[in-house]
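For reference, the structure discussed in these notes is given below.
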Amino acid sequence: MLVWERPWALWLLAFLGVVLWRSLQRGAPIGRLLGTLEFWPREKVAGEERRRGIPPARWALVCAMGAAVLGMAGPAWQGEATDSPWRVIVDRSPSMGLASGSEGSRLGVALELLDSALDRGAARIFVAGDASTIEHRGERPPEDWESSVPRPEPDWARFDQPRTIWLTDRMSGHAPVHACVVASGGDAVPGVVALDGQHELFFDGIASRLRPSGQGPQGVEVRGPAASQIAALARIWVESRGHRLTDEQPALLITCAMGPVAGAPEVQQIEQDGWSLQGHLIHPAEGRPWAWAQPSGLPAVAWSPGFVDVQLLELGPPSGDLGGLARSFGDLFDRALVPTGDVIALGERGAVGAGGVSGTFEGGAAARLGQDQRLPRILLAGLATCLGLLALILSRRSPL
Amino acid sequence: MGARPEKPELPSPGVDLPPDYVRRLERLVLQMAAKGERREGLGQAHLLGSGEEFIGHRPYRQGEDLRRLDWDLLARSDQAFVRRTRREAAQVWSVVLDTSGSMGIGSPGKLDAGAQLAGAIMAVGMRAGVRVQLKSGLGPALSLRRGQSLGILIQRLKDLRAGGEVGASPEAILSGWGPPREVGLVVIIGDFVGLRPKDLEPHRRPGRRMVLLQVLAPEELEPGNQLLGEAVHWFDPEGPEERPGLAPGEAALVYERRLEAWLEGWQRSTRSRGMGWSVGASDVPFEERVALALEGR
């Protein structure tokens, strides 16, 4: 919507309108008597259709003055600024679903703060921070965005852009250049932080302690060739954690690549924590990348809650620190295992301090608005100058 | 295109003589008299002089001086004729002034300019001892002689109005009223829009000089220059004809070409008939045109 900083200046257009009206009046044919009328041609003569009207120079001058008046009135495209939606990057890690005192979840508190920081009518697009292709336009994100599913925290640096808001639970560690931050804050939330078939690790708000688990073992399915070292490691992890192997509705599905390999693919290698593993990359692993194959640079191992996808068809045993290999994959399987009940990692349950809001929420809009304000004025000033020069040139050919 | 405007009233229907008109008349009369005397001294015939140039015969009238009888012609033809000289033929002047509607156009008006011309010619004639007549419209001609007051003439001129009566154009006047036989100089003043050279034929006489002083408004002579591109809807002051209101671009050029051809036709026709003719805008001072009309031949 076009808005005016000094709308009173638009009244000057009425003055220009009067000038034009008077000019048109003057341009209307006047009645004159001609005693020698018989010599005036009755038929139309070439070039005769040119009507007197308003002289071109006067048109140009009036238009120049009109452009100057419009520029003086200070036009701005306010609609463009307000219509441009805010992108709200939502931290969907499990901590956002934790209760924050009696005010509901941390996500709920953050949304309340967001409402107070933004105009109620401001358009918002909620973007899943862990999967930026997932978007939702509306006043609130979908309800299932708040869950204990172990989704990773967003890669915030990717979202440091104007007119972007980071919606999270902690202020510390965030110093965006362009984006704004809305943090719920929150105290530590006691609860189970880890679980296996026999024990659970309980966090009481200060420290963690091991205690017998009241839940039974979880089902894990491992698919892979018999020679796969990773598949063997996965089965060992299942046993050591007290889970059970199953192929019916497993809480975690671990898939290791199986042949054959087409052609003569290049040997790829992954390295983590002092160990390395060589093999052929069957397909890029699907899910959140965990290990990258070299030299192709494609994800060789990926995961998402309930799934681990290993697409490296192993060529021989792993080398390097085999203890590190077991620890790395054990941590990955622990993370990917869909927890039952309120099992949420210790890092998520910790206190995050006071919440708050940072950044200039009008800044992006103001900056854009500033540009929008300048652009019409610059255009109008340029137009007025050009038309003024045109009027000057035309006035030399015909009377103004 | 704009709306058709109303047909305007005649802008200059009356005669508005300038305040110094009488003074200018007197100065002109003196100048013309002096010029006439100089010409006589050089042996040149002149309307204002006493030239004895033979211009023809007329029947002898009872009581006339027998010395003027042409005895040779009497002996040959057995009829009494008197030799006519230029001076005799110039004893009566008639001025025919167009007061038709089209004369109310222009600034100053054509009738105004024509009246000033007519007054000047009559004043010069009165000073030279000529009987002068002013004929305009249907009314009787005003006849004046030397010694009579110029005031009568001035008042008559001031009473003139363009378009005030039917039959006020020269062609209408000449068709119903002919200058008397003794008139030696006939001056016709008007815009000659409806006049044709053949309308003048019946009034030609041996020894009679005819002078046509054509008066046109400045916008009639050069509409393109006078109106500066103004869109004009033209109306005929004496009829229903009109031309739509477009800018006088190419049409003005066509008009000016046609007008020029028309004026050239007048020049040729009058020259071939031995008549005097001149055309001028209504803003040309009358002194310039009077001198040209009375001195020419």
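Going through segment B:254-274 one residue at a time, which ones are away from chain A (no Cβ under 14 Å) and either surrounded by 19 or more Cβ atoms within 10 Å (Cβ to Cβ) or of a type in the set (Lys, Arg) (or both)?
B:ARG268, B:THR270, B:ARG271, B:ARG273
Is it true that some residue in segment A:115-132 is surrounded by 17 or more Cβ atoms within 10 Å (Cβ to Cβ) and in contact with a Leu (Cβ under 6 Å, 6 or more places away or on another chain)?
No, every residue in segment A:115-132 fails to be surrounded by 17 or more Cβ atoms within 10 Å (Cβ to Cβ) and in contact with a Leu (Cβ under 6 Å, 6 or more places away or on another chain).
All but one of (1) within 25 Å of B:PRO206 (Cβ to Cβ); (2) modelled with pLDDT under 90 hold for B:GLY163, so report the exception by its number.
Every condition holds for B:GLY163 apart from (1).
Could you list all residues from segment B:92-121 that are small (Gly, Ala, Ser), closer than 19 Å to B:TYR21 by Cβ and more than 14 Å from every other protein chain (Cβ to nearest Cβ)?
B:ALA115, B:ALA118, B:GLY119, B:ALA120
Answer yes if at least one residue in segment A:130-145 is touching a residue at least 60 places away in the same chain (Cβ under 8 Å) and under 30 Å from A:LEU2 (Cβ atoms), and no otherwise.
No, every residue in segment A:130-145 fails to be touching a residue at least 60 places away in the same chain (Cβ under 8 Å) and under 30 Å from A:LEU2 (Cβ atoms).
Out of segment A:95-122, which residues are touching a Phe, Trp or Tyr at 6+ places or on another chain (Cβ under 7 Å) and not in a helix (DSSP H, G or I)?
A:LEU118, A:ALA122
Please return the ranges of strands (runs of 3 or more DSSP E) entirely within segment A:162-208 where 2 or more residues are among the hydrophobic types (A, V, I, L, M, F, W, C) and open to solvent by 20 Å² or more (accessible area, probe 1.4 Å). Outline the logic, then answer.
On the way: elements: A:164-168, A:180-186, A:191-195, A:199-203.
Passing ranges, in order: A:191-195, A:199-203.
Can you tell me which residues in segment B:1-49 are more than 14 Å from every other protein chain (Cβ to nearest Cβ), at pLDDT 60 or above, under 20 Å from the mean Cα position of the chain (by Cα) and in a loop (DSSP other than H, G, I, E, B)?
Correct list: B:VAL15, B:ASP16, B:LEU17, B:PRO18.
Checking A:VAL149 against (1) in a loop (DSSP other than H, G, I, E, B); (2) modelled with pLDDT of 85 or more, only one condition comes out false. Which one?
(2)
For segment A:46-64, enumerate the residues that are modelled with pLDDT under 85 and open to solvent by less than 20 Å² (accessible area, probe 1.4 Å).
A:GLU48, A:GLY53, A:ILE54, A:PRO55, A:ALA57
Could you say whether any residue in segment B:128-135 is within 14 Å of chain A (Cβ to nearest Cβ) and either in contact (Cβ under 8 Å) with a residue 24 or more places away in the chain or over 27 Å from B:GLU9 (Cα atoms) (or both)?
The answer is no, given that none of the residues of segment B:128-135 is within 14 Å of chain A (Cβ to nearest Cβ) and either in contact (Cβ under 8 Å) with a residue 24 or more places away in the chain or over 27 Å from B:GLU9 (Cα atoms) (or both).
Are any residues in segment B:50-90 open to solvent by 100 Å² or more (accessible area, probe 1.4 Å), modelled with pLDDT of 70 or more and of a type in the set (D, E, K, R), and if so, which ones?
B:ARG61, B:ARG67, B:ASP72, B:ARG76, B:ASP78, B:ARG83
Which one is nearest to A:CYS386 (Cα to Cα), of the residues in segment A:65-83 that are outside any helix (DSSP H, G or I) and either modelled with pLDDT under 75 or touching a Ser or Thr at 6+ places or on another chain (Cβ under 9 Å) (or both)?
Across segment A:65-83, the extreme among qualifying residues is A:ALA76.
The values are calculated or read from the model by the stated rules, or taken from the named source; none is laboratory data. Here the structure is a predicted model, which means the values were calculated and not measured. Quick reminder, even Gly has a Cβ in these numbers, built from the backbone with ideal geometry, and neighbours come from all protein chains shown. Only protein heavy atoms, including side chains, enter the accessible area calculation; ligands, DNA and RNA are left aside. Shrake-Rupley method; radii C 1.70, N 1.55, O 1.52, S 1.80 Å.
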